[in-house]
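Have a look at the structure below, then the notes.
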Amino acid sequence: MQDEFYDLCDELGILIHFEMMFSDCDYSHAVKSSKTTGFLPNVRAEISHQVRRLSHHPSIALWLSNNEITANTGGSAGCLEKGGRTCWEVLFLDTIMDAIVAED
């Protein structure tokens, strides 16, 4: 979305549920191959950029990146040598949530 959209929402008092770039897909293959593809650092950079760019808007009521993916999706335990963490946990908790909390 263009910045003008968020400015207008601020002006009109419209609250936004900001949906990140994820859909109902199993991302375990991307998480597992991240060491060679750079998937997780790219995700972190994109999330950090968007939150930094938009967090000053009072219209942003909620950051969301996982309303269509269940915790059962995303591979088995032991993903990326993270001490038994699932790929879902590595992506959504360790990477995305951590980036959102760090920026907002």
All-but-one check, Ser48 against (1) modelled with pLDDT of 95 or more; (2) outside any helix (DSSP H, G or I); (3) not hydrophobic (A, V, I, L, M, F, W, C), failing number (2)
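Looking only at the stretch 55-67, decide whether some residue is at pLDDT below 90, open to solvent by 20 Å² or more (accessible area, probe 1.4 Å) and assigned to a loop (DSSP other than H, G, I, E, B).
Scanning the stretch 55-67 turns up at least one residue that is at pLDDT below 90, open to solvent by 20 Å² or more (accessible area, probe 1.4 Å) and assigned to a loop (DSSP other than H, G, I, E, B).
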Going through the stretch 68-104 in order, the residues found to be modelled with pLDDT of 80 or more and open to solvent by less than 40 Å² (accessible area, probe 1.4 Å) are Thr86, Cys87, Val90, Leu91, Phe92, Thr95, Ile96, Ala99, Ile100
Inside the stretch 1-37, the number of residues satisfying the requirement of being in a loop (DSSP other than H, G, I, E, B) and either touching a residue at least 60 places away in the same chain (Cβ under 8 Å) or under 13 Å from Trp88 (Cβ atoms) (or both) is 6
Counting only residues that are β-branched (Val, Ile, Thr) and over 14 Å from Leu93 (Cα atoms), the stretch 38-55 contains a total of 1
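The values are calculated or read from the model by the stated rules, or taken from the named source; none is laboratory data. All values derive from a computational prediction rather than experimental measurement. FYI the Cβ positions are ideal-geometry reconstructions off the backbone, even for glycines, and counts take in every protein chain you see. For accessibility, only protein heavy atoms count, side chains too; no ligands or nucleic acids. Shrake-Rupley method; radii C 1.70, N 1.55, O 1.52, S 1.80 Å.
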